[in-house]
Amino acid sequence: MPRPTSPSAARRFLTVASGVVIGSIALAGCSSDTARDSDTLVVSTFPFGVEQFQEAIIDPFTEATGIEVEVETGSNADRLSQLQLAGGDPGIDVMLISDYYAALGQEDDLFEPVDADAVPTLDEVAEFATEEEYVGPAYSYQLNGTLYSTDDVTAEEAADWAIYGDAANAGRVALPDISVTAGQLMVSGIGATYGAGPYDIDTALETLSGWSPNILQFYSSSTEVTNLLTQGEILAADALSGFATDLVAGGEPIAWTAPDSGRYMATNRAMIPAGAPNSEAANQFIDYLLSVEAQTASAEIVGDLPVNLEATVPDSITAVVGDIADDPIAAGYETLDPTELVPTRSEWVDRFAREVTAQ
């Protein structure tokens, strides 16, 4: 069942600091022992799509506010490790990171709450973007489903989880490893469809173990799975919807569909590291990031699914997900509870390796 999130509960993850005015960020008041220019905001983000992110978000933000932005990149794991080693002196003001790693960082008190007074656009975003389990909001999300060859599979067949267990498809389907974002969403989808719910790991792993002889590859990157599909080695794979955008736009005979049941999504979140030198400007950046203007540009240029539901979704995205982007919750998608996943992660990854991929 979806986890209910009322507007009031959703706002509990944010602190309210009095006296903060959006239009007057006091950058000069930042710590004097900061090695870098106090007028520069440092944003840490993913290593892909950086030029598009610069065009869609960074340059317009600087133009609107006069705040210069320095962008640092790296994987979720590497960037979180660096934050852990920073000892409260992160040198980073905003970290854009996937939800699981955001939750891991919160366990170690590596992030501070976003200031609700300084981020009025929080009132414009979907409720799932401000879940109380996180101290920073989601700014985009990723839908799990099936990427498939339209020459070999119908949308109805692709929407049925049973496609991966069908002996007729042996050696022609792929699934994600649990270590990647789609992997946990897949495991939870199978647990919800065939078992007691999204955290029924026993049923999920038992089902996947039975399917394992059919699986050509348990992939760990988008390149792996899209290459398998475009080269005709597989006819279907569980994958995030974003993997399909360029393929569909390029005219490949490929489509993506949501599963009939067990629909789960991941979020990317905007977090402020504890001890951030420019935390006030960081709040202003997050406010802009969640705005209709930025969300529309990010959807168009970067390909991010917007959490501000007033943002315009481009044809390149609707060609893949249809009207799900209008309201993923109404379309049956749910987020996963990090309090269920963080304590069990190591055990589940080990079990997946033993019980599924080793088969």
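The values are calculated or read from the model by the stated rules, or taken from the named source; none is laboratory data. Computed from a prediction, not measured in an experiment: that's the story for all the values here. Glycine gets a Cβ as well: all are built from the backbone with ideal geometry, and neighbour counts include every protein chain shown. Ligands, DNA and RNA are excluded from the accessible area calculation, which covers all protein heavy atoms including side chains. Shrake-Rupley method; radii C 1.70, N 1.55, O 1.52, S 1.80 Å.
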Residue among F48, F61, F218 with the largest mean-square fluctuation in a Gaussian network model of the chain, springs linking Cα atoms under 10 Å: F48
Show log10 I(q)/I(0) for segment 70-139 at q = 0.14, 0.15, 0.17, 0.24 Å⁻¹, two decimals, from a solvent-free Debye sum over equal Cα scatterers. -0.45, -0.52, -0.66, -1.19
Could you tell me the calculated FRET efficiency between E310 and A77, based on Cβ-Cβ distance and R0 = 35 angstrom, to the nearest 0.05? 0.55
Bounding extents of segment 294-359 in its principal axis frame from Cα atoms, largest first in Å, are 44, 26, 22
Spatial separation of Cα centroids for segment 93-167 and segment 189-208, in angstrom: 20 Å
A 1.4 Å probe over the protein heavy atoms gives segment 237-322 a carbon and sulfur accessible-area percentage of 46 percent
Determine the share of segment 56-198's accessible area contributed by carbon and sulfur atoms, expressed in whole percent, with a 1.4 angstrom probe. 42 percent
Geometric extent, Cα atoms of segment 197-288 - Rg, Dmax (angstrom): 18.9, 53
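Write down Rg/Rh for the chain, rounded to two decimals, with Rg from the C-alpha atoms and Rh from the Kirkwood relation over Cα pairs.
With Rh from the inverse mean 1/r over Cα pairs, Rg/Rh is 0.98.
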If you roll a 1.4 Å probe over the heavy atoms of the protein chains, what accessible area per residue do you get for the chain, in Å²? 41 Å²
Filter the trypsin sites (Lys or Arg not before Pro) in segment 280-359 down to the DSSP loop ones having no more than 13 other Cβ atoms within 10 Å, then list what survives. none
Using helices alone, what [θ] at 222 nm do you get for the chain, with -39,500 (n - 2.57) per DSSP H run of 4 or more residues, divided over all residues and rounded to the nearest 500? -8000 deg cm²/dmol
Could you order the peptides 337-343, 50-56 from most to least packed, using the average number of other C-beta atoms within 10 Å per residue? 50-56, 337-343
With a point put 7 Å past each Cα toward its Cβ, work out how far E206 is from A162 in nm, to one decimal. 1.9 nm
Where Rh denotes the Kirkwood radius from the mean inverse Cα pair distance, what is Rg over Rh for segment 219-359? 1.01
Whether segment 129-271 is rounded, prolate or oblate, judged on the alpha carbon gyration tensor where a/c under 1.5 counts as rounded: oblate
For every other residue with a beta carbon closer than 12 angstrom to the beta carbon of A182, add +1 if it is Lys or Arg and -1 if Asp or Glu, then tell me the sum. -3
Once the dipole of the chain is set up from charges on Cβ (+1 Lys and Arg, -1 Asp and Glu), the residue from the list S316, I329, A196 lying farthest towards its positive end is A196
Ranked from highest to lowest mean number of other Cβ atoms within 10 Å per residue, what is the order of the peptides 69-80, 190-201? 190-201, 69-80
Over segment 155-236, one equal point on each Cα, no solvent: what is log10 I(q)/I(0) by the Debye formula at q = 0.20, 0.24 Å⁻¹? -0.91, -1.25
Given the options L247, L229, L96, which has the most mean-square fluctuation in a GNM of the chain, springs set between C-alpha atoms less than 10 angstrom apart? L247
Cα-based radius of gyration of segment 238-291 once divided by 2.2 N^0.38 Å, which approximates compact folds: 1.77
In whole Å, how far is the Cα centre of segment 217-284 from that of segment 301-359? 8 Å
Please check: in the Gaussian network model of the chain (C-alpha springs, under 10 Å), which one of A294, A330, A170 has the largest mean-square fluctuation. A330
Which FRET efficiency value, to the nearest 0.05, do you get for Q84 and D152 by plugging their Cβ-Cβ distance into 1/(1 + (r/R0)^6) with R0 = 51 Å? 0.65
Using the Cα centre of segment 205-350 as the reference point, and only Cβ charges (+1 on K/R, -1 on D/E), how large is the resulting charge dipole? Debye, rounded to the nearest 20. 240 debye
